[in-house]
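Structure first, commentary second.
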Amino acid sequence: MKFRAKLVDAACLNNFTRVSNMIAKLAKTCTLRISPDKLNFILSDKVANGGVSMWCELEQENFFSEFQMEGVSAENNAIYLELTSENLSRALKTAQNARVLKIKLTNKHFPCLTVSIELLSVSSSSRVVTHDIPVKVIPRKLWKDLQEPTVPDADVSIYLPVLKTMKSIVEKMKNISNHLIIEANLNGELNLKIETELVCVTTHFKDLGNPPLASENASQDRNSEQMAEVHIDIRKLLQFLAGQQVNPTKATCNIVKNKIVHFDLLHEDVSLQYFIPAFS
């Protein structure tokens, strides 16, 4: 198994740092999957047990000027590493204004992702800062639990409002209840709702629009006004929203009634899928 990569473009470096900050907010530990053309950050808490799951994907050619890897074998050409998300995020924070950033899979008595950052000093001479991030190599037999999640057929798919707005609303709602109802229909309407014995609060969003293909599939046997709803843990939604520092190019919410809510975001060269199960 071998892996080494190099980043020299400042915009790519900033983008990669932003991705690692987002992952650190979404998952304490995650799996980094390295394949010849992609990097994936994966969180696979079993949805059936009430855990969230995440699949974040980057096309390596959009970020790295050099990228070499050899997987476990020719037919299984991938590497799966478990790491503490914040360790990577913290290492990359020192890479602002870096000339070059290199990432390499190394063995320092234990497997590491070694991040080397070449910084320009005031005297124009460069200095190198190195971070050794401990990782755990995940054996081949466990890969089956870390595949891209299958997206169930949604009852309703809808575009999301500005995530910053959504976050500030959900933060206020969290002070009243830990349970949140998300409901939406094929008329571009989305409601965020909390209900307790004492109070019922609903925020309405209108004219959000529905993705064309998903709407056609769902609308064949569904009244466009009819709401599909799902009850979720408000803290899990807030954690997802807190991870979004930049409003994405495209953000979709797919609701499978009383089962799961699936968020699908596209940030330029990065896609993020995030699944929150319903309260059982």
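The values are calculated or read from the model by the stated rules, or taken from the named source; none is laboratory data. Small disclaimer: the values here were computed from a predicted structure and weren't measured. No Cβ is skipped: glycine too gets one built from the backbone with ideal geometry, and neighbour counts run over all protein chains shown. Just so you know, the surface numbers come from the protein's heavy atoms only, side chains and all, with ligands and any DNA or RNA stripped out. Shrake-Rupley method; radii C 1.70, N 1.55, O 1.52, S 1.80 Å.
Across the range 208-230, which residue is modelled with the lowest pLDDT among those that are surrounded by 15 or more Cβ atoms within 10 Å (Cβ to Cβ) and among the charged types (D, E, K, R)? If you could, list the steps in order and put the result at the bottom.
The first filter runs over the range 208-230 and keeps only residues surrounded by 15 or more Cβ atoms within 10 Å (Cβ to Cβ), leaving 208, 210-211, 214-215, 218, 222, 227-230.
Going one step further and asking which of them are among the charged types (D, E, K, R), we end up with 222, 229.
Numbers: ARG222: 70, GLU229: 94.
Of everything passing the filter in the range 208-230, ARG222 is modelled with the lowest pLDDT.
Being in contact (Cβ under 8 Å) with a residue 24 or more places away in the chain, buried (at least 16 other Cβ atoms within 10 Å of the Cβ) and among the acidic types (Asp, Glu) is true for just one of ASP153, ASP233. Which residue is that?
On the way: ASP153 fails: buried (at least 16 other Cβ atoms within 10 Å of the Cβ).
That would be ASP233, the only listed residue that is in contact (Cβ under 8 Å) with a residue 24 or more places away in the chain, buried (at least 16 other Cβ atoms within 10 Å of the Cβ) and among the acidic types (Asp, Glu).
Just to verify a result, which residue in the range 93-113, among those that are among the charged types (D, E, K, R) and under 25 Å from the mean Cα position of the chain (by Cα), is least open to solvent (accessible area, probe 1.4 Å)?
Initial filter on the range 93-113 (among the charged types (D, E, K, R)): 93, 99, 102, 104, 108.
Still in the list and also under 25 Å from the mean Cα position of the chain (by Cα): 93, 102, 104.
Values: LYS93: 119, LYS102: 99, LYS104: 83 Å².
Here the answer is LYS104.
Residues are listed down the side, and each one gets a yes or a no for (1) modelled with pLDDT of 90 or more; (2) over 28 Å from ASP233 (Cβ atoms); (3) crowded, with 16+ Cβ neighbours inside 10 Å:
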residue: THR31; (1), (2), (3): yes, no, yes
residue: ASP45; (1), (2), (3): no, no, no
residue: GLY50; (1), (2), (3): no, no, no
residue: CYS56; (1), (2), (3): yes, no, yes
residue: GLU61; (1), (2), (3): yes, yes, no
residue: ALA78; (1), (2), (3): yes, yes, yes
residue: SER85; (1), (2), (3): yes, no, yes
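Could you check the range 174-207 and list, in sequence order, the residues that are exposed (fewer than 14 other Cβ atoms within 10 Å of the Cβ) and closer than 20 Å to ASN247 by Cβ?
LYS206, ASP207
Here's a check for you: in the range 184-207, which residue that is aliphatic (A, V, I, L, M) and part of a loop (DSSP other than H, G, I, E, B) is modelled with the lowest pLDDT?
Restricting attention to the range 184-207, the residues satisfying the condition of being aliphatic (A, V, I, L, M) are 184, 186, 190, 192, 194, 198-199, 201.
Adding the requirement that they be part of a loop (DSSP other than H, G, I, E, B) leaves 186, 198-199.
Working: LEU186: 95, LEU198: 90, VAL199: 93.
The selected residue is LEU198.
For LEU119, only one of the following conditions fails: (1) modelled with pLDDT of 90 or more; (2) surrounded by 15 or more Cβ atoms within 10 Å (Cβ to Cβ); (3) aliphatic (A, V, I, L, M). What is its number?
The number of the failed condition is (1).
For the range 124-131, check the following and say yes or no: at least one residue is of a type in the set (D, E, K, R), open to solvent by 60 Å² or more (accessible area, probe 1.4 Å) and at pLDDT 90 or above. Steps first, please.
The initial filter retains those residues of the range 124-131 that are of a type in the set (D, E, K, R), namely 127.
Next, from what is left, pick out any that are open to solvent by 60 Å² or more (accessible area, probe 1.4 Å): 127.
With the extra rule that they be at pLDDT 90 or above, the set shrinks to none.
Taking every residue of the range 124-131 in turn, none turns out to be of a type in the set (D, E, K, R), open to solvent by 60 Å² or more (accessible area, probe 1.4 Å) and at pLDDT 90 or above.
Out of THR106, THR150, which single residue is of a type in the set (Ser, Thr, Tyr), within 24 Å of LYS6 (Cβ to Cβ) and not assigned by the TED database to the domain that holds ASN187? Please lay out each step first, then the result.
On the way: THR150 fails: within 24 Å of LYS6 (Cβ to Cβ).
Step by step, each of THR106, THR150 is checked, and only THR106 is of a type in the set (Ser, Thr, Tyr), within 24 Å of LYS6 (Cβ to Cβ) and not assigned by the TED database to the domain that holds ASN187.
Does GLU171 satisfy being open to solvent by 70 Å² or more (accessible area, probe 1.4 Å), outside any loop (DSSP other than H, G, I, E, B) and either among the acidic types (Asp, Glu) or outside the structural domain of LEU81 (by the TED database) (or both)?
Numbers: open to solvent by 70 Å² or more (accessible area, probe 1.4 Å): yes; outside any loop (DSSP other than H, G, I, E, B): yes; either among the acidic types (Asp, Glu) or outside the structural domain of LEU81 (by the TED database) (or both): yes.
Yes.
Pull out all pairs, ordered by first then second residue, where Cβ-Cβ is under 6 Å, the residues are six or more apart or on different chains, the first lies in the range 257-277 and is over 14 Å from GLY243 (Cα atoms), and the second is basic (Lys, Arg).
Listed by first residue and then by second, the contacts come to ILE276/LYS236.
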